[in-house]
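S.K.: To start, I am sharing the structure in question, which I have written as structure tokens.
No lab work stands behind these numbers, since they all come straight from the coordinates. All figures in this text were calculated on a predicted structure; none of them were measured in a lab. Quick reminder, even Gly has a Cβ in these numbers, built from the backbone with ideal geometry, and neighbours come from all protein chains shown.
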Amino acid sequence: MDQPKFEETTPGPARSESLAGQVYAQFRRSERKLATSVRLTQLALLILFFAGWEAASRLQWIDGLLFSSPTRVWSLLVEKTADGTLLVHTWTTVWETIVGFVLGTLLGTAIAALIWYSPFLSRVLDPYIVVLNSLPKVALGPLFIVALGPGMLSIIATTLSITVIITILVVYNSFREVDPNLLKVVRIFGGNRSTVFRKVILPASYPTIVSTLKVNVGLSWVGVIVGEFLVSKEGLGYLIIYGFQVFNFTLVIGSVLLIAVVATLMYQAVVYLEGKLTGRN
């Protein structure tokens, strides 16, 4: 008599895990494909831009004296790199930007934390912060030059005047918008205001702080370049002003492109930091 045959079947949980793995793998493949397509499109647009710029200059569709061309800019940058002057100017600006960027973010976040910790101080400083935010901070540059002298300190002070106020406003509002139910839970278990800040407020505000870092990248460059316009004898801002004075617009455009490259690298570093902080959070 034939024995009944039983088909081997995959257990329910194992089958679900296998299906989930297949879906996740398909999702990862589609994401990699999309990322590759985006990068290739971005590269194509960049190449198209420089090719069109070069062609327009050679065919005299644009004034080559005013708008230069990629080949002229490249030749000038190679020449300035070979004699060492470009590296000196670039490092000066990058160093000033990094210092202003880091100090502006840390100082603004610290003041925002202090204001959150003291409701009385928050009510006292609120109108002053609003007024300072409405002021054209760049116009304060000459005051910093007179007070701190025509050097790096006045340039960094100009940068801080731009980044600190924005950081205070954004980060403080983020502190205030944290779910109050989370605060109540910590207080129920005996946590004081300092514990609430360390365990709830600050971790919950990581995404906002990182977003502020992204904004401060651009604002720091604005502050440093404006400061170099006013006082510096070194830096990319100085090269831009010098290029205008001697009608060397290739030097002006080359300096602007170099600023764009370095600022992009700083922005990507902040994006990497964002992935680490938000992933851990």
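S.K.: If the label point is 7 Å along Cα→Cβ of E31, which residues in segment 194-219 have backbone nitrogen under 19 Å from it?
M.R.: Counting only backbone N, you get 207.
S.K.: Using alpha carbons only, how many angstrom separate the centre of segment 36-78 from the centre of segment 124-178?
M.R.: 37
S.K.: Shifting gears a bit: For segment 67-112, what does the convex hull of the Cα positions come to per residue, in cubic angstrom?
M.R.: Looking at segment 67-112, the number lands at 83 Å³ per residue.
S.K.: Once phi is turned into ³J(HN,Hα) by the Karplus curve 6.51 cos²θ - 1.76 cosθ + 1.60 with θ = phi - 60°, what whole-Hz value does each residue of segment 243-250 show in order, with x for glycine and proline?
M.R.: With coefficients 6.51, -1.76 and 1.60, one gets x, 5, 5, 9, 6, 9, 6, 5 Hz.
S.K.: If you place +1 on the Cβ of every Lys and Arg, -1 on the Cβ of every Asp and Glu, and leave all else neutral, what size is the dipole of segment 159-281 about its Cα centre, to the nearest 20 Debye?
M.R.: Value, rounded to 20: 680 debye.
S.K.: Same structure, new question: Where a ≥ b ≥ c are the square roots of the eigenvalues of the C-alpha gyration tensor, would you call segment 86-148 rounded, which needs a/c under 1.5, or, failing that, prolate if a/b is larger than b/c, or oblate?
M.R.: Judged from the Cα gyration tensor, segment 86-148 comes out oblate (a/c at least 1.5, b/c at or above a/b).
S.K.: Related question: Where the only charges are on Cβ atoms (+1 Lys, Arg; -1 Asp, Glu), what is the dipole of the chain about its Cα centre, to the nearest 20 debye?
M.R.: 680
S.K.: Which lysines, if any, have their Cα less than 30 Å from the Cα of K184, not counting same-chain residues under 8 positions apart?
M.R.: K199, K276
S.K.: Determine which lysines satisfy two conditions relative to K233: a Cα distance under 30 Å, and not lying fewer than 8 residues away in the same chain.
M.R.: Leaving aside lysines fewer than 8 places away in the same chain, those within reach of K233 are K80, K137, K214.
S.K.: Once you order the gyration tensor axes a ≥ b ≥ c over the Cα atoms, which shape class does the chain get: rounded for a/c under 1.5, otherwise prolate or oblate by comparing a/b with b/c?
M.R.: oblate
S.K.: With each run of n ≥ 4 DSSP H residues scored as -39500 (n - 2.57), what mean residue ellipticity at 222 nm is computed for the chain after dividing by its residue count and rounding to the nearest 500 deg cm²/dmol?
M.R.: Roughly -27500 deg cm²/dmol at 222 nm, from the helical runs in the chain.
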